[in-house]
1. If you take the residues in the range 1-41 that are at pLDDT 65 or above and in a loop (DSSP other than H, G, I, E, B), which one is nearest to the chain's Cα centre (by Cα)?
2. For the range 147-182, enumerate the residues that are surrounded by fewer than 15 Cβ atoms within 10 Å (Cβ to Cβ) and either within 22 Å of residue 206 (Cβ to Cβ) or in contact (Cβ under 8 Å) with a residue 60 or more places away in the chain (or both).
3. Might you check whether a residue that is modelled with pLDDT under 85 and surrounded by fewer than 19 Cβ atoms within 10 Å (Cβ to Cβ) occurs anywhere in the range 114-131?
4. Using beta carbons and a limit of 8 Å, which pairs, at least six apart or on different chains, have the first residue in the range 87-103 and at positive phi and in a loop (DSSP other than H, G, I, E, B) and the second one at pLDDT below 85 and buried (at least 16 other Cβ atoms within 10 Å of the Cβ)?
5. Picking from 209, 134, which residue would you name as being loosely packed, with under 14 Cβ neighbours inside 10 Å, within 20 Å of the chain's Cα centre (by Cα) and in a helix (DSSP H, G or I)?
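The values are calculated or read from the model by the stated rules, or taken from the named source; none is laboratory data. In this text the structure is predicted, and so the values were computed from the model without any measurement. Ideal geometry is used to build each Cβ from the backbone, glycine not excepted, and the neighbour counts take in all protein chains shown.
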């Protein structure tokens, strides 16, 4: 019985392209969330303004699919991540400070629940973007090769037979990770494998737990 020839090995599966429209649209939505924060939170137009400028530059320098490995493109996305991280930190800190010390929004259950929901959604979107950008060297690197040691272990990594040919985690997968980590306060189906991923998920879970707990407790206190 003859053996298959090794002279013409089968071509590797073509990876799934990641379109930029859903990513840019979600980032534009993320940058718009702080504009809905209560006026007591301060001048929230500054950081979103910087973020929108970076977002336009990203769209111009990385047209089509998200597969550029350019250092300039990566630097722009990392800069946007820093802006979003700073904005999320300030928003969460301001909300928690108002809840502990008392502030304008803490006197109205409706305003408090609205502000708490906005900050919580903002944290989910921001951490989803950070997970997407930092995992395995960024989406540009992941588009060209699968990291042998990923920072996050998705179910398809653990059980490759469940994945389509050429599968790799896309932006929505990281948004889902950010949502489940914020609502369950722990890993669900995606496991962090490196220290930065564990630290980031721990910080998001802690912030989400504090915000949800304090907002609900304060709202119940106001209503009763």
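1. So in the range 1-41, the residues at pLDDT 65 or above come out as 17-41.
With in a loop (DSSP other than H, G, I, E, B) added as a condition, the list becomes 17-18, 37-38.
Details: 17: 19, 18: 16, 37: 19, 38: 23 Å.
Here the answer is 18.
2. Answer for the range 147-182, where residues must be surrounded by fewer than 15 Cβ atoms within 10 Å (Cβ to Cβ) and either within 22 Å of residue 206 (Cβ to Cβ) or in contact (Cβ under 8 Å) with a residue 60 or more places away in the chain (or both): 164, 165, 166, 172.
3. Going through the range 114-131, the residues modelled with pLDDT under 85 turn out to be none.
Scanning the range 114-131 turns up no residue that is modelled with pLDDT under 85 and surrounded by fewer than 19 Cβ atoms within 10 Å (Cβ to Cβ).
4. Close Cβ pairs satisfying both conditions: none exist.
5. Working: 134 fails: loosely packed, with under 14 Cβ neighbours inside 10 Å.
Residue meeting the stated conditions: 209.
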